[in-house]
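The values are calculated or read from the model by the stated rules, or taken from the named source; none is laboratory data. Small disclaimer: the values here were computed from a predicted structure and weren't measured. When we count neighbours, we look across all protein chains shown, and the Cβ atoms used for this are built from the backbone with ideal geometry, even at glycine.
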């Protein structure tokens with residue numbers, strides 16, 4: 001019998017709420033659900049919210065009665081904020097988080113590199129935002145409750161999964177015992193120690209790196225701006241690296257590598273934490289500054305992924321699908337992209353808009369993204385925590401040279417997480433004009449945001465459907481294009497026409513966005529009228545034309561939905 005903790009977790013800054021456990025005896029007979037999601041973390045809740053956008057109901061089961069313990073993920077990228085805007089929580093994140101764009105790397109008391117993340121006037125969100133994961137989960141939970149399509153079952157632990165040809169059976173343990181729950185589809189978002197992954201005996205591919213790292217969140221008053229501060233080879237922790245991040249509510253994260261041979265259990269003892277944190281504060285000139293510990297944890301750097309995320313009717317996402325090192329803020333930020341992709345792919349299959357094989361595209365695209373991230377993260381990890389031998393020798397040479405030589409200092413760059421471009425996706429149209437464009441986002445690329453006015457941006461108006469951007473000065477969308485759109489819309493496929501024009505109205509368009517300054521035209525590389533872009537529901541580009549007609553649009557949509565014939 002599952003007995004979740006009923007005591008609120010201790011925290012200096014966050015008030016934990018205990019939710020009432022869901023008990024089968026208090027509800028009627030259980031009907032089969034369209035989707036059950038195991039795990040109420042960022043990947044699980046964003047998946048549920050994305051499914052709800054397409055009218056698909058889901059049940060989230062979580063073994064706990066409260067949101068996650070500790071700050072965990074604290075740094076969220078611009079693309080993550082764009083995804084969170086789609087599910088309705090970005091505004092609260094911005095209101096309560098700390099934006100930043102700079103990072104400093106220190107060696108022997110000298111700042112040897114200053115990172116500056118790109119940002120311009122067309123970006124709604126800054127490059128990075130710091131906020132503790134508990135707040136993000138709280139905002140996501142409230143968004144889930146507002147949909148009316150997402151049920152959260154607290155205190156429900158998945159203890160068994162059995163697959164059948166047309167559904168999955170879950171055994172769910174609760175404070176009153178086990179009950180059975182059936183679902184057409186199961187989303188395994190149960191984290192890095194995924195019980196579902198273990199029960200299915202699925203193995204990850206990749207590497208695990210030497211050593212362990214401690215995360216310690218402390219409340220302290222330090223006079224530094226919000227930026228990433230990295231300290232290499234300090235006197236008190238020779239050969240290792242220390243990171244510091246500012247969080248809301250006067251919290252600072254201190255992240256340091258353990259000396260060789262020290263166990264995680266020993267590292268989390270109060271005397272060990274106190275000695276290391278005091279040593280770090282003394283090194284940066286704040287010896288004796290009072291501080292209070294909020295939360296601590298130990299992790300190891302791993303770059304691992306399942307080779308497939310879809311296993312019949314079980315779909316893995318987030319840390320259950322892959323394990324990535326925190327260097328370059330890749331964990332939760334990758335999970336958001338996973339969940340956004342999973343949401344629209346699975347919803348389109350459930351709604352009958354695409355074949356079941358459509359889910360294999362989700363797997364191929366996201367496994368490809370994970371492998372790209374693993375390649376980049378491996379480079380960062382080998383610099384932040386180099387394995388013994390050649391990598392350590394090279395890193396030490398860079399550190400030494402950086403005191404006097406400018407040319408080696410860019411090697412300190414931490415290769416920040418970036419959205420994956422689905423360049424080779426089978427959903428991309430092979431007969432469009434992609435190769436003829438000289439600029440603008442190409443096949444598989446994430447969208448380019450554009451400021452329309454003071455607080456109005458292009459991406460505020462897009463997402464959750466196929467978005468057809470028509471660059472036109474005509475007073476109406478061409479009849480053959482409208483007919484193609486109506487064919488798919490009549491089947492329920494969500495598709496929206498946006499006219500990019502200086503005209504006040506364009507007949508047939510669902511909305512008109514004024515581009516009097518031609519800024520959207522410039523950003524999207526459009527130099528002639530009649531050009532068009534087709535964005536997938538996750539906003540990635542799947543087709544673009546110098547000139548669009550109905551037949552070409554039909555072909556692109558047929559391809560993007562993986563349909564076997566030319567008939568929509």
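A few remarks follow.
- Condition met for residue 341 (assigned to a helix (DSSP H, G or I) and out of contact with any helix residue (DSSP H, G or I) (no Cβ under 8 Å at 6 or more places or on another chain)): no
- Residue that is nearest to residue 50 (Cα to Cα), among those in segment 546-556 that are in contact with a helix residue (DSSP H, G or I) (Cβ under 7 Å, 6 or more places away or on another chain) and crowded, with 23+ Cβ neighbours inside 10 Å: 553
- Of everything listed in (1) loosely packed, with under 14 Cβ neighbours inside 10 Å; (2) part of a loop (DSSP other than H, G, I, E, B); (3) touching a strand residue (DSSP E or B) at 6+ places or on another chain (Cβ under 9 Å), the single unmet condition for residue 180 is (2).
- Segment 8-28 residues that are surrounded by fewer than 11 Cβ atoms within 10 Å (Cβ to Cβ), paired with ones that are not in a loop (DSSP other than H, G, I, E, B) (beta carbon under 7 Å, 6 or more apart): 20/154
Conditions tested, residue by residue: (1) surrounded by 20 or more Cβ atoms within 10 Å (Cβ to Cβ); (2) under 30 Å from residue 361 (Cβ atoms); (3) out of contact with any strand residue (DSSP E or B) (no Cβ under 6 Å at 6 or more places or on another chain); (4) at pLDDT below 75.
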position	(1), (2), (3), (4)
401	no, no, yes, yes
404	no, no, yes, no
407	no, no, yes, yes
412	yes, no, no, yes
416	yes, yes, yes, yes
420	yes, yes, yes, no
423	no, yes, yes, no
429	yes, yes, no, no
432	yes, yes, no, no
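- For segment 239-257, a residue qualifies if it is farther than 23 Å from residue 111 by Cα and more than 25 Å from the chain's Cα centre (by Cα), and exactly one does: 250.
- Only one entry of 121, 146 meets the criterion of being surrounded by fewer than 16 Cβ atoms within 10 Å (Cβ to Cβ), touching a strand residue (DSSP E or B) at 6+ places or on another chain (Cβ under 9 Å) and more than 20 Å from residue 334 (Cβ to Cβ), and that entry is 121.
- Of everything in segment 481-511 that is in contact with a helix residue (DSSP H, G or I) (Cβ under 8 Å, 6 or more places away or on another chain) and loosely packed, with under 15 Cβ neighbours inside 10 Å, the residue that is nearest to residue 545 (Cα to Cα) is 483.
- Hey, residue 543 in contact with a strand residue (DSSP E or B) (Cβ under 8 Å, 6 or more places away or on another chain), over 28 Å from residue 342 (Cα atoms), buried (at least 21 other Cβ atoms within 10 Å of the Cβ) and in the same structural domain as residue 447 (by TED's automatic domain parsing) or not: no
- The sole residue among 359, 273 that is in contact with a helix residue (DSSP H, G or I) (Cβ under 8 Å, 6 or more places away or on another chain), modelled with pLDDT of 95 or more, more than 23 Å from residue 241 (Cβ to Cβ) and not in a loop (DSSP other than H, G, I, E, B) is 359.
- Scope segment 231-242; condition in contact (Cβ under 8 Å) with a residue 40 or more places away in the chain and surrounded by 21 or more Cβ atoms within 10 Å (Cβ to Cβ); matching residues: 231, 232, 241
- Only one entry in 527, 498 is part of a strand (DSSP E or B) and either farther than 21 Å from residue 348 by Cα or at pLDDT below 95 (or both), namely 498.
- For segment 125-143, filtering for residues that are touching a strand residue (DSSP E or B) at 6+ places or on another chain (Cβ under 6 Å) and surrounded by fewer than 20 Cβ atoms within 10 Å (Cβ to Cβ) leaves 1.
- Where strands (runs of 3 or more DSSP E) sit wholly within segment 44-117, those with at least 3 residues that are under 26 Å from residue 298 (Cα atoms) and over 20 Å from the mean Cα position of the chain (by Cα) occupy 102-107.
- Meets criteria (part of a loop (DSSP other than H, G, I, E, B) and touching a helix residue (DSSP H, G or I) at 6+ places or on another chain (Cβ under 6 Å)) for residue 307: no
- Residues (in contact with a helix residue (DSSP H, G or I) (Cβ under 7 Å, 6 or more places away or on another chain), buried (at least 19 other Cβ atoms within 10 Å of the Cβ) and part of a strand (DSSP E or B)) located in segment 190-230: 214, 216, 218
- For residue 34: the one exception among (1) crowded, with 20+ Cβ neighbours inside 10 Å; (2) on the phi < 0 side of the Ramachandran plot: (1)
- Filtered residue count, segment 252-270, keeping only those that are more than 11 Å from residue 213 (Cβ to Cβ) and assigned to a loop (DSSP other than H, G, I, E, B): 7
- The residues of segment 168-177 that are more than 28 Å from the chain's Cα centre (by Cα) and either surrounded by 14 or more Cβ atoms within 10 Å (Cβ to Cβ) or modelled with pLDDT under 95 (or both), listed by number, are 169, 171, 173, 174, 175, 176.
- Which listed residue is within 25 Å of residue 242 (Cβ to Cβ), free of Cβ contacts under 8 Å to residues at least 24 places away in the same chain and touching a strand residue (DSSP E or B) at 6+ places or on another chain (Cβ under 8 Å), from 114, 101: 114
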